[in-house]
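Report on one structure; see the data block that follows.
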Amino acid sequence: MKKKTVVLAIDAGGTFFKSGLVSCDGEIEENTKFSCPVDSGGTKESVRDGYRRLIVWQMEKARCLGLSVMAVGVDTPGPFDYEKGESLMKHKFQALYRVPLRPWIEEAAGKLPITFIHDSTAFLLGEYWKGGLKGNSDCAGVMLGTGLGFAYMEHGVVKLNPQGGPGYSVYNRPFRDATAEEYISRRGIIRRYRQLTGDESPEIDVKNIAQMAEKGCKEARMILEETGTMLGEVMLPVLKEIRCDKLVIGGQISKAYPYFGKALENRLKGTGLQTIVPSHSPDNSHLLGCAYGIFEKNGMC
């Protein structure tokens with residue numbers, strides 16, 4: 001009996017490496033989601049060990065389930081040389097600067113094809129394949145989390161810069177007295193909430209703020225609505241320029257969409273957008289996007 005073919009997808013974030021075994025029908029195989037903590041400011045050896053533990057676990061899981069791993073797909077933020085598989089980041093993962101990552105992955109997975117893509121590209125492809133962007137070939141995605149990510153596609157093709165990163169960046173666009181990411185991100189939301197309320201509790205996070213908003217907290221709702229307005233202000237000129245039909249909002253902060261979505265939608269009236277939606281699956285889209293490009297290249301989806 002022929003084994004089912006899967007791609008080992010890895011979302012290499014700055015706090016956790018997440019992974020799953022993805023089939024060509026766009027499903028993450030049951031009981032194959034696995035993550036391990038990683039310190040983006042840690043040593044080269046600690047990050048290498050994170051890759052190794054995750055990949056060894058997944059290869060053993062594939063063996064136990066009778067699955068055939070055809071390739072490894074890794075999404076990672078930039079700057080990054082996606083062709084060579086080398087990090088060019090200096091703001092995090094400093095210990096990996098110019099370190100080839102392919103040998104690390106081959107050491108644990110064997111001689112499999114390895115593809116690196118930008119995390120915003122993976123998110124958009126995952127949503128295009130199996131999420132809220134299905135059927136829309138001219139669309140864009142915004143990721144709200146520790147940073148502010150953006151990607152867009154024309155006629156089903158994600159637009160990239162020569163280095164393989166996003167064809168249009170928004171995180172560093174000038175905004176107020178800083179950049180967009182300083183206001184529209186996890187740290188920006190928490191900082192503004194603390195400034196408004198004086199609450200310096202170390203446990204405060206966007207998840208807590210959203211929970212307070214759900215309970216009717218005026219200050220929490222005000223901060224999240226303000227976030228929607230700010231995001232709209234940043235995205236307005238961008239969306240007028242690229243002229244896409246649909247925008248999807250992803251990242252963990254997209255789970256608070258009920259409290260900032262209306263403000264965002266109001267600010268983006270007149271851009272030509274037909275629809276704005278929260279991510280269909282903010283926890284899985286990156287992994288699905290890692291695998292989609294590999295399956296598509298091989299004519300399997």
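Ratio of Rg to Rh for the range 82-188: 1.01 [Cα atoms; Kirkwood radius as inverse mean 1/r over pairs].
Projecting the Cα atoms of 94, 117, 77 onto the charge dipole of the range 70-120 (Cβ charges, centred on the Cα centre) puts 94 farthest toward the positive pole. For the chain, the relative contact order works out to 20 percent when only alpha carbon pairs closer than 8 Å and six or more residues apart are counted. When peptides 156-169, 225-238, 246-259 are ranked by their average number of other Cβ atoms within 10 Å per residue, the highest-first order is 246-259, 225-238, 156-169. Label positions at residue 240 and residue 208, each projected 7 Å from the Cα along the C-beta direction, are separated by 3.9 nm.
Computed over the range 135-212, the alpha-carbon pair-distance distribution with 10 angstrom bins reads 17, 37, 27, 15, 4, each value a whole percent. Considering helices alone, the calculated mean residue ellipticity of the chain at 222 nm is -12000 deg cm²/dmol, with DSSP H runs of length four and up weighted by -39500 (n - 2.57) and normalised per residue.
Could you tell me which helices of the chain pass both thresholds, a Cα extent of 24 Å or more along their own axis and a mean Kyte-Doolittle hydropathy of at least -1.0, with helices taken as whole DSSP H runs?
Working: long enough: 44-65 (32 Å, -0.75); 218-242 (35 Å, 0.26).
The qualifying helices are 44-65, 218-242.
Starting from the Kirkwood radius over alpha-carbon pairs of the chain, derive D by Stokes-Einstein at 4 °C in a medium of 1.567 mPa s and give it in µm² s⁻¹.
On the way: Rh = 19.8 Å.
After rounding, the answer is 65 µm²/s.
Solvent-accessible area of the range 100-148 (1.4 angstrom probe, protein heavy atoms only): carbon and sulfur portion equals 53 percent.
Where does each of 292-298, 108-114 land if you order them by average Cβ count within 10 Å, highest first?
Values: 292-298: 19.0, 108-114: 14.4.
Going by the mean number of other Cβ atoms within 10 Å, highest first, we get 292-298, 108-114.
Stretched out straight at 0.36 nm per residue, the stretch from residue 94 to residue 63 would grow longer than its current Cα-Cα span by 7.7 nm.
Ranking 207, 18 by solvent-accessible area of protein heavy atoms (1.4 Å probe, all protein chains present), from largest to smallest, gives 207, 18. Which log10 I(q)/I(0) values, to two decimals, does the range 27-156 give at q = 0.09 Å⁻¹ under the Debye formula with one point per Cα? Listed by q, the Debye log ratios stand at -0.30. Over the range 119-251, consider all pairs of different Cα atoms and compute the Kirkwood hydrodynamic radius from their mean reciprocal separation; express it in Å, one decimal. It is 15.7 Å.
Please work out the average accessible area per residue across the range 142-301, using the 1.4 Å probe convention, and give it in Å².
Numbers: 7720 Å² over 160 residues.
Spelled out: the 1.4 Å probe surface of the range 142-301, per residue, equals 48 Å².
Full extension of the chain between residue 52 and residue 31 yields a length gain of 5.7 nm, computed as 0.36 nm times the residue separation minus the alpha carbon distance.
The values are calculated or read from the model by the stated rules, or taken from the named source; none is laboratory data. Note that this is a predicted model, so its numbers are computed, not measured. Here the Cβ is made from the backbone with ideal geometry for all residues, glycine too, and neighbour counts use every protein chain on show. SASA here: full protein model, heavy atoms, side chains in, ligands and nucleic acids out. Shrake-Rupley method; radii C 1.70, N 1.55, O 1.52, S 1.80 Å.
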